[in-house]
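Input: a single structure, listed below in structure tokens.
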Amino acid sequence: MEKPEYLFSEIAGLTGGKITGNGSDGLIKELLTDSRKLSSPSDTAFFALATGSNDGHRYIKDLYEKGIRFFVVSSIPEGDFSGASFLTVKSPLLALQQLAAHHRAGFSIPVIGITGSNGKTIVKEWLWQLMSREKVIVRSPKSYNSQIGVPLSVWQMNRWHTLAIFEAGISEPGEMERLEPIIKPDIGIFTNIGHAHDRFFESSQQKIEEKLKLFRECRSLVFCSDHAEIREELKRNKEITAEILDWGKNEQARLRILQTETGKTSTTIRATFENRKMEITIPFTDHASFENAMHCWAVMLMMGYGPDVTASRMARLQPVAMRLEMKEGINGCSVINDTYSSDPESLSIALDFLVWQNQHEQRTVILSDMLQAAGNEEELYRQIASMLLSKGITRFIGIGPALSAYRHLFKMPARFYPSTANFIDSFSASAFRNESILLKGARFFGFERINDLLQQRSHETVLEINLNALVHNLNHYRSKLNQGTKLMAMVKAFSYGSGSFEIANILEWHRADYLAVAYADEGVELRKAGIGLPVMVMNPEENGMDALLRYNLEPEIYNFRSLEMLDRAVKRNHETAGNKIKIHLKLDTGMHRLGFVSDDIGELADRLGNMERLQVQSVFTHLAGSDDPEMDAFTNRQIECFTRMSAELSLQLGYPFIRHVLNSAGISRFPEAQFEMVRLGISLYGIASNPKEQKTLETVSSLKTSISQIKTVKKGDTVGYSRSWTAERDSVIATIPIGYADGLSRRLSNGRGKMMVNGHIVPVAGNICMDMTMLDITGIQANEGDEVIVFGPEMPLAQLAKAMDTIPYEILTGISQRVKRVYFQE
């Protein structure tokens, strides 16, 4: 997608600033506010933003050394910056907003602006899901809805877009005045009003007034008229002249809800609009999803989508990942860290996430007072107590004077502490065992100290797993599938090193159809952790057949020996008597590894006909070279062979079954061969063989560590075992706590491997040890404790694999389980 282009001198004119320095004018395509995210120095302008916790001016020297030559600043830094141009303005943030507002003014496409206390990101993402088939949509990345995020979002607009969707979030009065001219929405959505940021506003009315400023020039506005405060404020507001499309249960609502029916996995909503009855079904049962879906339904109707098209698409809405962090805790616990905010609405979301993590029956919530809350405090905590009960929370720990005062409202086992310090003083690790723990606290309470106590202690090397990226990759491939085509996700080999249960859990929540593991014990662990999805076991062994049957796992059968092993196990396992045992047949169409060949089909059908307990659930094959265009002729012969063999087998068995042949590369390259299911493997984790495809995926796994010690060695000194590396100059050596016992191959020794320290690529010095590695960081500013990136978005795994003369599979699956996995979700 093309990028905006502005001369730096043009930006100066738009912002009223003055250019100094001896650099020339240049074309700006990228705006940078986070120095860590530099990608294209030559056409980037860095806005040195000053916040309460940081100042962008500190990073100008480093960015200059990396190639940036255009800076928007409030003061000129000291130093030699020959060739650089500085645009001096009163406020770089204001300049960023002015530029974005000017850029927005150049487009006449419809723009949807969304504000409210909760649901903005989900409504935005669902509207994208609903309308992206026929519209080229630009939208806020993730939850970019702040004073910085909004202008960066709007900057993405280009001439190819036909619709824009942007969020606007505020935390104090006066902020929406600055965001409105940047977004300038034609269609507005006011999701709801809640307690977030209450302490910065005099009243709920003032907060509503501030949010409504976004819609001063809107043509249309969607909101729920069952929210009395919003409804009444709109009646009083004389600035807003937009056409109103309100929804609700009240008789005056234009989109009036007549009935809702909630099942186990879906909700059906019946309503009237313009004297016409209609209905939708959404694959969610919680109230927040219902409210978000209603906003989307109203917008779809407003934009002219027919009821049938809308209903069809609403039924296929996918969940949107939330911003949460989950880590392995002490004594077999899982810890969900959600300590960035504390209000009833976000608590409800976090509790849903806790419930989804069904690894443990015991669920503990540690909650602080809600400082942002306003109004009747007792009623607030009564609602929270009721919420905890409804979510099946088995233990509650309340921290703060308000929660302590209302302890009588909490009916489950509970303990209360006046402060975080009091809780820490009485903390006993043995009190937390084999349970899921949600930490939810306002920043004031410093719950990171509690998180440190509950988090599993390990060395400083971690494998970070970005669950948002995993979901993005899943949805990317899912978007390529024909309607009705199932998706099997590969979670074998500890989910390519990413962690079996945690990955399986997110895949189950995002409605993968099948999981596949290598061995029965992997499937058993998933079942014990509460995973209910069908699981195919690709390498069933005789000593694992009984467990396979006991835990309702489905074996791959690839020869007559494995078929007979299963048949014997079925006959001796009386507890499964009467149940059909689902199996998956592997056909060999040319890879010549495992599988029945064409001549086996007749005998296979005969034997299966005599094994009444067995039911063929699927038939599949492996493609040997689906990622290589030079092997396309062979791949097509494999597909033709599979089609013929599977048809013959189905005819002889007398019933149909699921067929699947495509792996990750095949999904993109052979869409005509999707059959009834596809298998998504390494690309789910962000690795593609095709460079073009790779650009569409997001990095899931990042291996990080930190510097344990820094020392200077003299020219001629050696480093490490066997004295294989000699300093060619006086050198600075950093030792990091990762070695071949963690999965870091010794093939990366002596400069072959490289890592990133503070934005700089540095080589390995000496031989990699069992638990440690040395890096040559000469000339780089670094301190003990600084982060070191082994691989991640900034250090592609493919580069590391190339240095090792291997493939990314080997690296990911080789990361030792002693390396702590940390899971992030936004």
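The values are calculated or read from the model by the stated rules, or taken from the named source; none is laboratory data. None of the values given here were measured: they were computed from a predicted structure. Cβ placement follows ideal geometry from the backbone for every residue including glycine, while neighbour counts extend to all protein chains displayed. Side chains included, ligands, DNA and RNA excluded: accessible areas come from the protein's heavy atoms. Shrake-Rupley method; radii C 1.70, N 1.55, O 1.52, S 1.80 Å.
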List the lysines whose Cα sits under 19 Å from the Cα of residue 120, skipping any in the same chain fewer than 8 residues away. 142, 184, 207, 211, 213
Rounded to the nearest 10 Å², the accessible area of residue 348 using a 1.4 Å probe with every protein chain kept is 40 Å²
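On average over all directions, what projected area in square nanometres does segment 645-700 have, based on the convex hull of its Cα atoms? Before the final figure, lay out each step's value.
On the way: hull surface 17.8 nm².
About 4.5 nm², averaged over all directions.
Given contacts defined as C-alpha pairs under 8 Å and at least six residues apart, what's the relative contact order of segment 82-225, whole-number percent?
Details: 244 pairs, mean separation 43.4, N = 144.
Relative CO of segment 82-225 lands at 30 percent.
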Equivalent ellipsoid semi-axes, segment 401-559, via Cα gyration tensor eigenvalues times 5, rooted, Å: 40, 20, 16
Cross-link candidates for residue 715: which aspartates and glutamates have Cα within less than 13 Å, leaving aside residues fewer than 8 places away along the same chain? 728, 730, 776
Computed label-point distance, nm, for sites residue 236 and residue 250 using a 7 Å Cα→Cβ extension: 1.5 nm
Taking each pair of distinct Cα atoms in segment 600-715 once, what is the resulting Kirkwood hydrodynamic radius in Å? 17.4 Å
Between residue 708 and residue 721, how many nm apart are label points set 7 Å from Cα along the C-beta direction? 1.4 nm
Show the residues, 5+ positions off or on another chain, whose built amide H is closer than 5 Å to the amide H of residue 680. 488, 489, 490
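Residue 770 to residue 390: extension gain in nm, 0.36 nm per residue of separation minus the Cα-Cα distance?
Values: separation 380, 0.36 × 380 = 136.80 nm, distance 4.94 nm.
Result: 131.9 nm gained on full extension.
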Separation between Cα centres of segment 793-811 and segment 1-71, rounded to whole Å: 32 Å
Work out from phi, with θ = phi - 60° and the Karplus expression 6.51 cos²θ - 1.76 cosθ + 1.60, the ³J(HN,Hα) of each residue of segment 704-717, listed in order in whole Hz, and give x for Gly and Pro. 10, 9, 8, 7, 7, 8, 10, 9, 9, 10, 7, 3, x, 6
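Let me know the volume per residue of the alpha-carbon convex hull for segment 115-250, in Å³.
Numbers: hull volume 15.1 nm³, N = 136.
Spelled out: Cα convex hull of segment 115-250, divided by residues, is 111 Å³.
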More than 14 Å apart: what percent of Cα pairs in segment 258-300 qualify? 44 percent
Can you pull the percent of segment 75-195's accessible area that's carbon plus sulfur, 1.4 Å probe, other chains left in place? 53 percent
With N denoting the number of residues in segment 167-213, provide Rg(C-alpha) divided by 2.2 N^0.38 Å, to two decimal places. 1.10
Amide H partners (placed H, <5 Å) of residue 362, local residues excluded: 436
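Kindly provide the GluC sites (Glu not before Pro) of segment 572-669 that DSSP labels as loop, not H, G, I, E or B, and whose Cβ sees at most 12 other Cβ atoms within 10 Å. Numbers along the way, then the final one.
Numbers: sites: 575, 603, 612, 630, 640, 648; in loops: 612.
Hits after loop and neighbour filter: 612.
With the other protein chains left in place, how much accessible area per residue, in square angstrom, belongs to the chain at a 1.4 angstrom probe? All intermediate terms of the calculation are to be shown ahead of the outcome.
Working: 35640 Å² over 826 residues.
Per residue, the chain has 43 Å² of solvent-accessible surface.
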I'd like the distance separating the alpha-carbon centroids of segment 567-608 and segment 91-168, in whole Å. 53 Å
Percent of C-alpha pairs per 10 Å bin, segment 1-86, short to long: 17, 55, 26, 2
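Please give the calculated 222 nm ellipticity per residue for the chain, where each DSSP H segment of at least 4 residues contributes -39500 (n - 2.57) and the sum is spread over every residue; nearest 500 deg cm²/dmol?
Values: 27 runs with 252 residues, N = 826.
Roughly -8500 deg cm²/dmol at 222 nm, from the helical runs in the chain.
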Ordered by residue, what ³J(HN,Hα) values in Hz, to whole numbers, does segment 18-27 give under the Karplus form 6.51 cos²θ - 1.76 cosθ + 1.60, where θ = phi - 60° and Gly and Pro are x? 10, 8, 10, x, 9, x, 8, 6, x, 8
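Hey, with R₀ at 30 Å, roughly what FRET efficiency would residue 647 and residue 472 work out to, going by the Cβ-Cβ distance, to 0.05?
On the way: r = 36 Å, r/R0 = 1.21.
The value I calculate is 0.25.
Helix by helix through the chain, keep the DSSP H runs that span 15 Å or more along the axis on Cα and average at least 1.0 on Kyte-Doolittle, and give those back in order.
Passing helices, by number: 344-356.
Classify segment 506-652 from the C-alpha gyration tensor, please: rounded if a/c falls under 1.5, else prolate or oblate depending on whether a/b exceeds b/c. Provide the component values of the computation, followed by the final result.
Numbers: a/c = 2.15, a/b = 1.30, b/c = 1.65.
Because a/c hits 1.5 or more and a/b fails to exceed b/c, segment 506-652 counts as oblate.
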Longest to shortest principal axis, alpha-carbon extents of segment 118-172, angstrom: 37, 23, 13
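Can you give me the relative contact order of the chain as a percent, contacts being Cα pairs under 8 Å and 6 or more apart?
Values: 1702 pairs, mean separation 65.6, N = 826.
Relative contact order of the chain: 8 percent.
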How large is the accessible surface of residue 574 in square angstrom, using a 1.4 angstrom probe and rounding to the nearest 10? 150 Å²
Hey, if you put +1 on the Cβ of every Lys and Arg and -1 on every Asp and Glu Cβ in the chain, which of 779, 618, 721 ends up farthest toward the positive end of that dipole? 618
Karplus (6.51, -1.76, 1.60) ³J(HN,Hα), θ = phi - 60°, over segment 677-687, in Hz, Gly and Pro reported as x: 7, 10, 10, 9, x, 4, 6, 4, 9, x, 10
What is the Rg over Rh value, at two decimals, for the chain, using alpha-carbon atoms and the Kirkwood definition of Rh? 0.98
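Which of the GluC sites (Glu not before Pro) found in segment 197-229 are in a DSSP loop and have at most 11 neighbouring Cβ atoms, other than their own, within 10 Å? Provide the component values of the computation, followed by the final result.
Details: sites: 202, 209, 210, 217, 229; in loops: 202, 217.
When the GluC sites (Glu not before Pro) of segment 197-229 are filtered for loop state and at most 11 Cβ neighbours within 10 Å, 202 remain.
What trypsin sites (Lys or Arg not before Pro) does segment 104-167 have in DSSP loop regions with at most 11 other beta carbons within 10 Å? Kindly include the intermediate steps, with their values, before the conclusion.
Numbers: sites: 104, 120, 124, 133, 135, 139, 142, 159; in loops: 133, 135, 142, 159.
Those that pass, being in a loop and sparsely packed, are 133, 159.
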Counting sequence-distant residues (5 or more places) and residues on other chains, those with an amide H built under 5 Å from that of residue 163 are 136, 138
Give the span of segment 729-826's Cα atoms along each principal axis, as three whole-Å numbers ordered largest to smallest. 38, 34, 23
